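Encoded as structure tokens, the structure appears first; notes follow it.
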Amino acid sequence: MSPLDAPVVRTRIARAGWDEHSYYGHRVFADLAGRESVASLLALSAVGRRLPLEDARVLDDIMTVWTVADPRIWPLKLTRLVASYGGLVQGIAAGYLSLDNPFIGVLHVSAGAARFLLDVQQRVQVSSDASDLDAAVQAALAANPRPQGFGVPFRDLDERVPALRRCLIARGRHERTWWRLFEQVWPLVQQQRGLPPNIAGAYAAACLDLGLSPDELSTLALGVSIHVFLAHAAEGAAQQHPVLQRLPAGSVRYAGTARRLSPRARAWRDSPGGTTGGSSPR
Amino acid sequence: MSDPQDAASPLDAVAWPEQLQARVVDSQPTPAIRGYDVEDDLACHYGLLEVLLLALGGELLDEDRRRAVEVALIFAAACSVAEAPVHAARLGRVIGVQHSALSGIAAMGLAEQARDQVQQQAELLTWLGSGEGEPPTSARSRDDDERAAVDRLRQALEHRGVEVPLLRADLGRFPALLAVLWWAGFRKPEQLETLLVLSRLGVAIAEATAVRPLSMKSYPMNLPAFAEVAP
């Protein structure tokens, strides 16, 4: 196949021009500049369509509420470790790789949380009949005993959930379909499984109310986390702290195979004239 | 010649080549590395390290240099979980990242570590290139433990039948390893960094994955301690 016959890759994203560029079908300077925010651009980038600016404000709230950045949080500590040699970009890249995990990684957890809510809703229409919802949640939990969006480590309550709730109330968003369902479902999940709601569940509900699909809100989650990784990569790269580059002696306890002699070393040692060193070439 | 402004964009106005150039691996009709057939030749007559060194350096090494590189890279290989790259990869394992992501974390950390280590030996590399005088202070042994380690390096090389004249100078452990690689013909920082990563990557991944995934409670979260200070 000649290069000219190679398949063409289709993209909806962009093309560079001379005086103007396109981005998801919009003119960057004429249509987007002066009209978009960081959050709305993240949303456009993740889902391929513009959200109304009032919806972008909800994303601002989510991003702010999600700003829990203790350096001991595993992905952030991992970021600092790799950044400790001075590489800010490398720190961010490594930190983001750590999000590719189904337990605490926003990519998977947010999509899973959204799908759980969708599953519950499919099992019953949101109605005033509480018993329908109870049964639906029971059935959904039978199929998925530890749903993402629920479960909080190290504490009884994810403090970010009420914080986001206050923001949604202030914006008049708390009565929307999915948030309302989330608020109805979480006491039932807590009652049936002892799992309180977490920020991934709250995020998923709020984003479903923005019209995002599980895949879209999952992709967007990578964007709304960037600031905390950026903070730690920047500080970590600037500090280049020696203790992160190498932990001090006494920090590591070896629990592996005991010291032993290899068969070749033993054979050499046992050979006539053999010592632990020697000059016989191999 | 048409006016470049007629093109749809600046990227369209440039006469780009139509092909990507390969310089090391020829994949047709059968794979070859630096001209040597992989399946009929290299796989039959050479070891993996020799093939990697061929790829990196361009030519097959003679036996002395091959043994010297092997000894130096074995000395370099033992990266501890106390070191940032392995610690980071271990953290990834602890939180259950996909294995491909864990490999990426380890590789990224090791590449950064190697870059930093080689950069810190810039004076050594200049001295090696000049061939004159004593090694810079930054490259000398700092204590008896280092001198003992370099002695063991010399003995390991001697055991393999190789003498590296550069090791007659008073060099620290890591500078001595770089000196051996330099003697063997690997002199560019990117070659030295690549060799260091190659020597350590498998060991790093092995150490990182030596605990169960999702074993957060076994991880010392406060090591090291962090203290918030006013900005």
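Read the figures in this text as sums done on the coordinates, not as results from a lab. Every value quoted in this text rests on a predicted model; they were computed, and no experiment measured them. Here Cβ is always computed from backbone atoms with ideal geometry, including for glycine, and neighbour counts include all displayed protein chains.
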Notebook entry, point to check: Which value does Rg/Rh take for the protein assembly as shown over its C-alpha atoms, Rh per Kirkwood?
Noted result: 1.06
Next item on the list: Quote the relative contact order of chain B in percent (integer), defining contacts as alpha-carbon pairs under 8 Å separated by 6+ residues.
Entry: 26 percent
Check: Averaged over A:57-67, how many beta carbons belonging to a partner chain fall within 10 Å of each residue's beta carbon?
Finding: 0
Notebook entry, point to check: Relative contact order, percent, of the range A:114-188 when contacts are C-alpha pairs under 8 Å separated by at least 6 residues?
Noted result: 36 percent
Item checked: Calculated from backbone phi, Karplus (6.51, -1.76, 1.60) coupling profile of the range B:79-95 in Hz, x at Gly/Pro -> 8, 8, 5, 6, 8, 3, x, 6, 4, 4, 5, 4, 4, x, 4, 4, 8
Notebook entry, point to check: Highest GNM mean-square fluctuation, chain A, Cα pairs closer than 10 Å: which of A:S40, A:S225, A:S251?
Noted result: A:S251
Checklist line | Ratio of the Cα radius of gyration of the range B:47-181 to 2.2 N^0.38 Å, where N counts its residues | finding: 1.18
Next item on the list: May I ask you to list the GluC sites (Glu not before Pro) in the range B:39-84 that are in a DSSP loop and have at most 14 other Cβ atoms within 10 Å of their Cβ?
Entry: B:E59
Next item on the list: Quote the convex hull volume per residue of the range A:174-275, based on C-alpha atoms, as a whole number of Å³.
Entry: 263 Å³
Margin query: What does the charge count around A:P71 come to, taking other residues whose C-beta lies under 13 Å from its C-beta (Lys +1, Arg +1, Asp -1, Glu -1)?
Written below: 0
Notebook entry, point to check: What is the Å³ per residue value for the convex hull set by the Cα atoms of chain A?
Noted result: 288 Å³
Checklist line | Peptide-level mean, for B:76-86, of C-beta atoms on other protein chains within 10 Å | finding: 4
Check: Relative to the Cα centre, what is the charge dipole magnitude of the protein assembly as shown, using +1 at the beta carbon of each Lys and Arg, -1 at the beta carbon of each Asp and Glu, and rounding to the nearest 20 debye?
Finding: 1760 debye
Item checked: In Hz, Karplus ³J(HN,Hα) per residue of the range A:177-189 (6.51, -1.76, 1.60; θ = phi - 60°; x = Gly, Pro) -> 3, 6, 5, 4, 4, 4, 5, 7, 7, 5, x, 6, 5
Margin query: For a quick check: with amide H placed at 1.01 Å from N, whose amide H comes under 5 Å from B:D37's, ignoring anything fewer than 5 positions away on the same chain?
Written below: B:L42
Item checked: Cα centroid of the range A:200-262 to Cα centroid of the range A:68-87, whole Å -> 6 Å
Check: Taking amide H positions as placed 1.01 Å from N in the peptide plane, with prolines and chain starts having none, which residues 5 or more places from A:L51, or on another chain, fall under 5 Å of its amide H?
Finding: A:L44
Note to self: Amide H of B:R140 versus every other amide H placed in the peptide plane: which residues, excluding those fewer than 5 positions away on the same chain, fall under 5 Å?
What the structure shows: B:G172
Item checked: Extreme residue, positive dipole direction of the range A:74-225, given options A:G149, A:Q121, A:W178 (C-beta unit charges) -> A:G149
Note to self: Could you compute the net charge surrounding A:G151? Neighbours are other residues with a C-beta less than 12 Å from the C-beta of A:G151; K and R count +1, D and E count -1.
What the structure shows: +1
Margin query: Relative contact order for chain A: what percent, with Cα pairs under 8 Å and sequence separation of 6 or more?
Written below: 24 percent
Next item on the list: Take every residue in peptide A:102-108, count the Cβ atoms of other chains within 10 Å of its Cβ, and give the average of those counts.
Entry: 3
Next item on the list: Please work out the Cα convex hull volume for chain B and give it in Å³ per residue.
Entry: 269 Å³
Next item on the list: At a temperature of 4 °C and a viscosity of 1.567 mPa s, determine how fast the range A:193-236 diffuses translationally according to Stokes-Einstein, using the Kirkwood radius over alpha-carbon pairs as Rh; express D in µm²/s, rounded to the nearest whole number.
Entry: 108 µm²/s
